[in-house]
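Working notes, structure below.
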Number of protein chains: 2
Amino acid sequence: MSHVVKKRKLDKSRQDRLYFDSYSDVTIHEEMIADHVRTNTYRTAILRNSELIRGKVVLDVGAGTGVLSIFCAQAGAKKVFAVEACSIAEQAAKIVKHNNMEDRVEVIRGTVETVDLPEKVEVIVSEWMGYALLHESMLNSVLYARDKWLKPGGVILPSKAELYIAPISDPVVEDRLHFWYTVKDQYGVDMSCMSDFARRCIMNSDITVNSVTVEDVLSHPARFAELDLCSVTVDELRAVKGRFRCESFGSAAVNAFCVYFTVTFPCPDKQALVLSTSPFKPETHWKQAVLYLDAPVEVVQDTPVTGEVSMYPSEESARHICIHVDYSIGEQKTQSKTFSIPDWSSEAQS
Amino acid sequence: MSHVVKKRKLDKSRQDRLYFDSYSDVTIHEEMIADHVRTNTYRTAILRNSELIRGKVVLDVGAGTGVLSIFCAQAGAKKVFAVEACSIAEQAAKIVKHNNMEDRVEVIRGTVETVDLPEKVEVIVSEWMGYALLHESMLNSVLYARDKWLKPGGVILPSKAELYIAPISDPVVEDRLHFWYTVKDQYGVDMSCMSDFARRCIMNSDITVNSVTVEDVLSHPARFAELDLCSVTVDELRAVKGRFRCESFGSAAVNAFCVYFTVTFPCPDKQALVLSTSPFKPETHWKQAVLYLDAPVEVVQDTPVTGEVSMYPSEESARHICIHVDYSIGEQKTQSKTFSIPDWSSEAQS
């Protein structure tokens, strides 16, 4: 078996081709629709906002199979433009027809940057969130659509995104490092000296997408950034950053940070609806982004874990996110580490 | 999330770089050592052949962490050349030293095609098997080593490889296709028309590496090819093929073939030792290669499933295997489908 992560500079057109092709396979759409937290929160948010949507014109950015567009039509939209760049648009058109929505939902194949809509819209809906919120940077397209097609005073669903960080203790890493100490008992060969190499390989600078177990989270998560989707600019997305401060629940060895996001839907006259990818909430297909430190650091109850997170597009590919963390644990001096999503996530099938 | 499978013609040096780099990460070595069936069968075979190995010179082709070389030294080899092309050779050298074997095990970094050994060898040991046996075509290197470095009458461990095929009924496919019929109940949108698209995506021409459940195997597997490693030539590996005939255990819908292999170690005065990747045996990290038909075919008890399998290197990359199957199920006329391993397996981390 082979496992290679290659970094290389991709030309923009190839990047886009890879990006848009990747959504043509059924697996990702199955995973997204089957993600009950995701699909149901969008559905509830859209139906609860039916007063805002009824009789209005809606734009769905990156419509995929068109399910959010159909929810908007069910909420009473007069017209929904379901803009989708990749070939899944053909399936979306079939689904719209199958649900007798052709008069209200119009599937338009193309990028939102290039399509020409017959009119401006009152509502934009989009499920644009990637791993660690910003991986794949589809939010740029939503902001482009907002600035070009949304009428003044129009609504964006969701309307807010927030980023959180927490120190964690991932036991799988320690298990994997310990494995090399067990080889002698199993096969009579002492391979314990592999443990150092294993640590360097496992605790590398890749952003690992993983389900973090509640018990492994070592403090209350700290919010380090908030994006108001009505006002944030593409320029501001080039560096999303903020400081954080956590305090350890108890004694443990911090070996990673976990980064996750929430997005919020306004609900008139009701409490806002939050789609959360927190490890404390039911699992979603986004899981969490795990950032491994080079070595574990011991903490006790109330040990402060402080620092600053900065997220920005990678130089190799604008759709790939990098996360830089400056952090200090207890009395330790500030350390820094920069993480990125390995190429598999946009170039390969997992 | 993005899932893309790209086919492209790779130049030979880049292919080799990707191939050799891929073994530098600890994960694959951990997986291989932790594969108890693999490591323990090799260990037992080497120790049972200690009469053949004692006092002899051994070549380990693609030694990895050097574990097989150390087994050979434990079996009494006078000298073991552990040839390894990638940087894991550095770890192998440490492990050899850590086990006080430096006098008997010499780690040599390089490809077996280019290294210069001080003498010919009496024994070659190698764990060269890839998915569907021949993926990655490391066997070519073993044959090269045999022809260049093995003394006449020398031994190769393992000495024989066999390939098997069986019709299967994979229930996951039907579950995944059925999923699209369940969306209406969950979210009020009828997406049943996605099922056809899903079938085309899932039942594509990729070789899927998967653990096949015993209950899903629909007949006794049929052996369609055997390679005698003492005599097979690189030229013969350009097309490994053979006919098969299976008879269905009972009524079911065949939706795939499963291909797997065994390798055999000679054991003087004892029964030969077989390392099997059969779905009827304990799981290995090779799992099985699953080849999906375009559509399921109903069979009843004793329905014959016959055909011919041909395995050959892909045109895009000599290390990638293609499997072509001509098959006939019951009275059905012969159909053909060609499968290949998608690029993720050698270019990306899963």
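The values are calculated or read from the model by the stated rules, or taken from the named source; none is laboratory data. Model, not experiment: these values are computed from the prediction. Backbone-built Cβ (ideal geometry, glycine too); neighbour counts: all protein chains shown. Only protein heavy atoms, including side chains, enter the accessible area calculation; ligands, DNA and RNA are left aside. Shrake-Rupley method; radii C 1.70, N 1.55, O 1.52, S 1.80 Å.
Pairs please, first residue from region A:140-162 and of a type in the set (Val, Ile, Thr), second anywhere and assigned to a helix (DSSP H, G or I), Cβ atoms under 7 Å, 6+ apart in sequence or on different chains.
Close Cβ pairs satisfying both conditions: A:Val155/A:Leu52; A:Ile156/A:Arg146.
I'd like the full set of residues that are at pLDDT 95 or above and at the interface with chain A (Cβ under 7 Å from one of its Cβ atoms), limited to region B:173-187.
B:Phe179, B:Val183, B:Tyr187
Scan region A:290-301 and tell me whether some residue there is open to solvent by less than 40 Å² (accessible area, probe 1.4 Å), more than 17 Å from A:Asp206 (Cα to Cα) and more than 14 Å from chain B (Cβ to nearest Cβ).
Yes, some residue in region A:290-301 is open to solvent by less than 40 Å² (accessible area, probe 1.4 Å), more than 17 Å from A:Asp206 (Cα to Cα) and more than 14 Å from chain B (Cβ to nearest Cβ).
List the number of the failed condition for B:Lys78; all other conditions in (1) more than 23 Å from the chain's Cα centre (by Cα); (2) buried (at least 21 other Cβ atoms within 10 Å of the Cβ) hold.
In the conditions (1) more than 23 Å from the chain's Cα centre (by Cα); (2) buried (at least 21 other Cβ atoms within 10 Å of the Cβ), B:Lys78 misses (2) alone.
Just checking, does region B:172-181 include any residue being more than 28 Å from B:Ser340 (Cβ to Cβ), not assigned by TED's automatic domain parsing to the domain that holds B:Val309 and not in a loop (DSSP other than H, G, I, E, B)?
no
Of the conditions (1) open to solvent by 10 Å² or more (accessible area, probe 1.4 Å); (2) more than 18 Å from the chain's Cα centre (by Cα); (3) more than 13 Å from every other protein chain (Cβ to nearest Cβ), B:Asn99 clears all except one; give me its number.
(3)
Here is a list of conditions, (1) surrounded by fewer than 18 Cβ atoms within 10 Å (Cβ to Cβ); (2) in a loop (DSSP other than H, G, I, E, B); (3) within 13 Å of chain B (Cβ to nearest Cβ), and A:Pro118 meets all of them except one; can you say which number that is?
Only one criterion is unmet by A:Pro118, namely (3).
In region A:234-289, how many are more than 25 Å from A:Met203 (Cβ to Cβ), open to solvent by 70 Å² or more (accessible area, probe 1.4 Å) and within 22 Å of the chain's Cα centre (by Cα)?
So the count comes out to 6.
Limited to region A:26-51, what total is found for residues that are closer than 28 Å to B:Asp175 by Cβ, loosely packed, with under 15 Cβ neighbours inside 10 Å and among the acidic types (Asp, Glu)?
1
Yes/no per residue for (1) touching a helix residue (DSSP H, G or I) at 6+ places or on another chain (Cβ under 7 Å); (2) assigned to a helix (DSSP H, G or I); (3) open to solvent by 30 Å² or more (accessible area, probe 1.4 Å):
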{"position": "A:Asp147", "(1), (2), (3)": "no, yes, yes"}
{"position": "A:Gly153", "(1), (2), (3)": "no, no, yes"}
{"position": "A:Ala161", "(1), (2), (3)": "no, no, no"}
{"position": "A:Pro167", "(1), (2), (3)": "no, no, no"}
{"position": "A:Arg200", "(1), (2), (3)": "no, yes, yes"}
{"position": "A:Val212", "(1), (2), (3)": "no, no, no"}
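When you scan region A:268-294, how many residues do you find that are aliphatic (A, V, I, L, M) and either closer than 17 Å to A:Lys160 by Cβ or out of contact with any strand residue (DSSP E or B) (no Cβ under 8 Å at 6 or more places or on another chain) (or both)?
4
Note down all Cβ pairs under 6 Å where the first residue falls in region A:276-302 and is modelled with pLDDT under 95, the second is open to solvent by 50 Å² or more (accessible area, probe 1.4 Å), and they're at least six residues apart or on different chains.
Once the first residue is modelled with pLDDT under 95 and sits in region A:276-302, no partner that is open to solvent by 50 Å² or more (accessible area, probe 1.4 Å) comes close enough.
One residue is enough: does region B:153-161 have a residue meeting the conditions more than 25 Å from the chain's Cα centre (by Cα) and over 29 Å from B:Cys246 (Cα atoms)?
For region B:153-161, residues more than 25 Å from the chain's Cα centre (by Cα) and over 29 Å from B:Cys246 (Cα atoms): present.
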